[in-house]
Each structure stands twice: as C-alpha cells, then as structure tokens.
C-alpha cells in the first residue's frame, strides 16, 4: 500500500506505487513484506533500496531464475520498481514513463542511495460552520 494511501486515498500515483512493488516481487521472488529473521520484518522496497544503495542490487534477484535472465533487464525492472515505489508520490513516474524505462526508450533517473523518508501532512478534519443553530439548541436537537 502506498505510504500516502491513509491520508490521500487511492490515486494514479498510488497505482504506480503498487506497480513498482509488483515489479520488485517479480524480480526478487519475495512478497512485499517478508520475515528476515525471527520477529523482524523488513519491507521489500526498503530491502531492495538498501541493496541498491550498497551497489548490490543483483543479489536481490530470485534464485529460482537460476541465472536464466538478462542482468540488464532485471536490474532495469528493479530500478523502475524502486522509482515507482518512491516514498514521495511526486517523484514517482507516470505509468507511461515507467513503461518507456522498461522498454529502454528513456533514460532512467538516478535514485538516492538511501530510501527517502515519506513526509505527508496529516489531514485535519473540517468542521462546517453553522451546523448548530440556536433554533436546534432550543428544540433540543443538534
């Protein structure tokens, strides 16, 4: 689920986030959240981003592929997955741009070596004015 989903709801950008997570699941053979050690969970996006930052992205590739893949294509898939799952929705590509990256028809932008921390405003519930009138108070209604 996109980090902003709870505050902003579903959007094209949250769909792009989901696409990125699925791309990472395909490349790594892991679910979006997996248990690394007993009682320790690390999200897939965070784990892959850490490997990317260490220059060890290819170690995340699903071992079941048994070296039957093009390294450049799988690396591209994972980087596009990270771009699409960027914590800042404003920095995610459109789905069209992601497809162009996957087709190697556009230059993939560089990612920061450390996964950015998402920063989203907390929605403040609005209170409409005039919802309580003196008449309704006199009648015992709100």
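Details
- Modelled spin-label separation between residue 114 and residue 100, with each label point placed 7 Å from Cα along the Cα-to-Cβ direction: 3.2 nm.
- Debye-formula intensities of region 5-119, expressed as log10 I(q)/I(0) at q = 0.16, 0.18, 0.21 Å⁻¹, are -0.73, -0.92, -1.24 (one equal scatterer per alpha-carbon, no solvent).
- Residue 26-residue 11 pseudo-label distance in nm [points 7 Å out on the Cα-to-Cβ vector]: 2.5 nm
Only the coordinates and a few stated rules stand behind these numbers; no lab work does. Please read these numbers as outputs of a predicted model, since none were measured by experiment. As a convention, Cβ positions derive from the backbone with ideal geometry for all residues, glycine included, and neighbour counts pool all protein chains shown.
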